[in-house]
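The values are calculated or read from the model by the stated rules, or taken from the named source; none is laboratory data. Here the structure is a predicted model, which means the values were calculated and not measured. Here the Cβ positions follow ideal geometry from the backbone for every residue, glycine too, while neighbour counts run over all protein chains shown. SASA here: full protein model, heavy atoms, side chains in, ligands and nucleic acids out. Shrake-Rupley method; radii C 1.70, N 1.55, O 1.52, S 1.80 Å.
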Amino acid sequence: MNILHYLRAMQGIIGRELWRFVRQRERFIAALVRPLVWLFIFAAGFRATLGVAISPPYETYILYEVYITPGLIGMIQLFNGMQSSLSMVYDREMGSMRILMVCPLPRWFLLMSKLIAGVSVSVLQAYVFLAIAWFYEIEAPWEGYLYILPALILSGVMLGALGLLLSSFIKQLENFAGVMNFVIFPMFFMSTALYPLWKMKESSVLLHNLAHYNPFSQAIELIRFSLYGEFNQYAFFYTLIAFVLFMTIAVIGYNPSKGMMMKKGRG
Amino acid sequence: MSRQKIQTTALSIENLSFSYSGKKALEQVDFTVKSSECTILLGPNGAGKSTLFSLITRLYDSREGKITLCGFDVKQQTQQALSKLGVVFQQTTLDMDLTVLQNLRYHTALHGLSGKLAKQRIQEELERLNMYDRRGEKIRQLNGGHRRRVEIARALLHKPSLLLLDEPTVGLDIPSRQSIVEHLHQLAIEQDLAILWATHLIDEIHPQDQIVVLHQGKIKQKGTLNEVIQATNTHSINEAFQQITERRKG
């Protein structure tokens, strides 16, 4: 095994994912429409009722649309992570996952390549969303658009790893819808995507605590701060640790001797 | 004049057992597959053929027994072992919306073949199966027989020593089946390839093939076609197979 083999395999996996994505234009549009609806309709409606006080990284009073933008980028990545894992469950049912699993490379590397492939798609979506938001006058400092890239990669791999982990546990495609409801909605609504933490504390301490420890919140804060050229160390390490944890469990899940593959029957 | 070939052991399975939630799916399975030979794994549905394939390809792992592929322990030296293996699964594993070429390129990338070598191998394998002219077509546009050909071509791109076939002709019409059966037998001889072929279709067996009869997770008979017929005191493999599988049912 040499390094070229690893590179070629990763290139092949990412290339296949990007090619599929390009071909499925509806998927691209759907992935953009969702956050845009939240931005143009939900946020515009809430603007009048919800005032956001000055809190880092913002230096002035901001419109609700500005506050919600990093959360919507997180939403793109959350949906993308779950979509990738859905496609893995589908691939497993359809058998194409087997081709990946029997190729002579370590399983963690194959899963990691799948993850990176998914993240590259979500980063592309996030930048297109940011470009549309820019025309809607949600503008960040120019360096923010650069600093956000590593943040997007980390949050993307963390959410993708969560998706992988779920896909290793899910036996059949039909079971996925339930999991989506139990994962996506609680994660999204119990986070700092739509409202700041301090605002939540006013209504419920429990909700505040849940949102604080929700890794999705920390991923959003990492994105939010980096978009304004700042580094949120706590959010960075929290997201990183969550990624390592999710990825480790996912790799164990896909390990033939320890994992859940054995419990999936004769697939 | 026949040329004597030196045969090597491509696959060795020793005392392999496997259970699904306490129920034995395979028990003390023991056999070898040699180069230049087709070994037919014969067994009715549910005999344990697919489980055995999942263990060889390390989709599952067994605590009991040992699988060695070209001298590499599948459990300890997984990657070296898998690099020697080509597989055609029972269920199609091609991406329907990609072209023949794109599907094959994905496989060569996974096996680390350079662009130039991949191109050359793809051409070779597709030409052998008369599919080169159709390389630009999407898999969805191909019929079942042609899809199978593409899968066989794909499994051979990295020049494996052992080819695993899990009921590759299921659902195909008779001419497609015959053509694939002939092609694979020819391939074993021409390329010194070891083939392990799971099937329950007796007419796919050639007289020179090795046979392993698997039933209810256990090996009931193994040997050449004649040896199996003699051991069961029957006149044909069909009768032998029926006798083995029926006798053990009760």
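Quantify how strongly other chains surround peptide B:99-105 by giving the mean number of their Cβ atoms within 10 Å of each of its Cβ atoms.
1
Only Cα pairs under 8 Å and at least 6 apart count here; give the relative contact order of chain B as a rounded whole percent.
The normalised contact order for chain B reaches 27 percent.
Picking from B:Pro160, B:Pro207, B:Pro168, which is most flexible by a Gaussian network model of chain B using Cα springs under 10 Å?
Highest fluctuation among the options: B:Pro207.
Going by average Cβ density within 10 Å per residue, which order do the peptides B:95-101, A:150-156, A:131-137 take, highest to lowest?
Top of the packing list down: A:150-156, B:95-101, A:131-137.
Return the loop-located trypsin sites (Lys or Arg not before Pro) in region B:142-250 (DSSP other than H, G, I, E, B) with at most 12 other Cβ atoms within 10 Å of their own Cβ; answer none if there are none. Present the calculation step by step, with values, prior to reporting the outcome.
Working: sites: B:Arg147, B:Arg148, B:Arg149, B:Arg154, B:Arg177, B:Lys218, B:Lys220, B:Lys222, B:Arg247, B:Arg248, B:Lys249; in loops: B:Arg248, B:Lys249.
Of the trypsin sites (Lys or Arg not before Pro), the ones in loops of region B:142-250 whose Cβ has at most 12 other Cβ atoms within 10 Å are B:Arg248, B:Lys249.
Which of B:Lys159/B:Lys218; B:Lys34/B:Lys119; B:Lys34/B:Lys116; A:Lys114/B:Lys138; B:Lys23/B:Lys159; B:Lys49/B:Lys116 have a Cα-Cα distance over 26 Å?
B:Lys159/B:Lys218; B:Lys34/B:Lys119; B:Lys34/B:Lys116; B:Lys23/B:Lys159; B:Lys49/B:Lys116
Which whole number gives the average count of other chain Cβ atoms within 10 Å of the Cβ atoms across peptide A:99-109?
Per residue, the number of nearby Cβ atoms from other chains is 6 on average.
Select from A:Leu194, A:Leu110, A:Leu206 the residue whose mean-square fluctuation is largest in a Gaussian network model of chain A (Cα-Cα springs shorter than 10 Å).
Greatest mean-square fluctuation among the candidates belongs to A:Leu206.
Given a 1.4 angstrom probe, what's the average accessible area per residue across region B:162-250, in square angstrom?
On the way: 4150 Å² over 89 residues.
That works out to 47 Å² per residue.
With runs of 4+ DSSP H residues as the only contributors, calculate the mean residue ellipticity of chain B at 222 nm using -39,500 (n - 2.57) per run, divided by the residue total and rounded to the nearest 500.
-10500 deg cm²/dmol
Return the inverse of the average 1/r over all pairs of distinct C-alpha atoms in region A:3-266, which is the Kirkwood hydrodynamic radius, in Å to one decimal. Intermediate values should be presented prior to the final figure.
Details: mean 1/r = 0.0524 Å⁻¹.
After inverting the mean inverse Cα-Cα distance, the result is 19.1 Å.
Output the peptides A:2-9, B:73-80 sorted from most to least packed, where packing is the average of other Cβ atoms within 10 Å over each peptide's residues.
Going by the mean number of other Cβ atoms within 10 Å, highest first, we get B:73-80, A:2-9.
Mind checking B:81-89 for the average number of partner chain beta-carbons within 10 Å of each residue's beta-carbon?
3
Which trypsin sites (Lys or Arg not before Pro) does region B:36-74 hold that lie in a coil by DSSP with at most 10 other beta carbons within 10 Å?
Details: sites: B:Lys49, B:Arg58, B:Arg63, B:Lys66; in loops: B:Arg58, B:Arg63.
Answer in residue order: B:Arg63.
Kindly compute the accessible surface that chains A and B hide from a 1.4 Å probe when together, both sides summed, and give it to the nearest 100 Å².
That pair of chains buries around 3100 Å² in total.
Can you tell me the Rg and the Dmax, both Å, for the Cα atoms in region B:68-227?
16.2, 47
Return the calculated 222 nm mean residue ellipticity for chain A, to the nearest 500 deg cm²/dmol, obtained by summing -39500 (n - 2.57) across DSSP H runs with n ≥ 4 and dividing by the residue count.
The per-residue figure over chain A is -24000 deg cm²/dmol.
Hey, what did chain A get for relative contact order, percent, Cα under 8 Å, at least 6 apart?
Result for chain A is 24 percent.
Of all the C-alpha pairs in region A:69-163, what % are more than 20 Å from each other?
42
Which residue, A:Tyr213, A:Tyr147, A:Tyr238, has the most motion in a Gaussian network model of chain A that connects Cα atoms within less than 10 Å?
Between A:Tyr213, A:Tyr147, A:Tyr238, it is A:Tyr213 that shows the largest mean-square fluctuation.
Give me the percent of accessible area attributable to carbon and sulfur for region A:3-266, probe 1.4 angstrom.
After summing per-atom areas, the C and S share lands at 70 percent.
How large is the accessible surface per residue of chain A, computed with a 1.4 Å probe and reported in Å² as a whole number?
Working: 11880 Å² over 267 residues.
On a per-residue basis, chain A sits at 44 Å².
Among B:Tyr132, B:Leu55, B:Ile6, which residue has its Cα positioned farthest towards the positive end of the charge dipole of chain B, with +1 placed on the Cβ of Lys and Arg, -1 on the Cβ of Asp and Glu, and the dipole taken about the Cα centre?
Of the candidates, B:Leu55 comes out farthest on the positive side.
Could you give the C-alpha radius of gyration of the protein assembly as shown expressed as a fraction of 2.2 N^0.38 Å, taking N as the number of residues it contains?
That ratio works out to 1.15.
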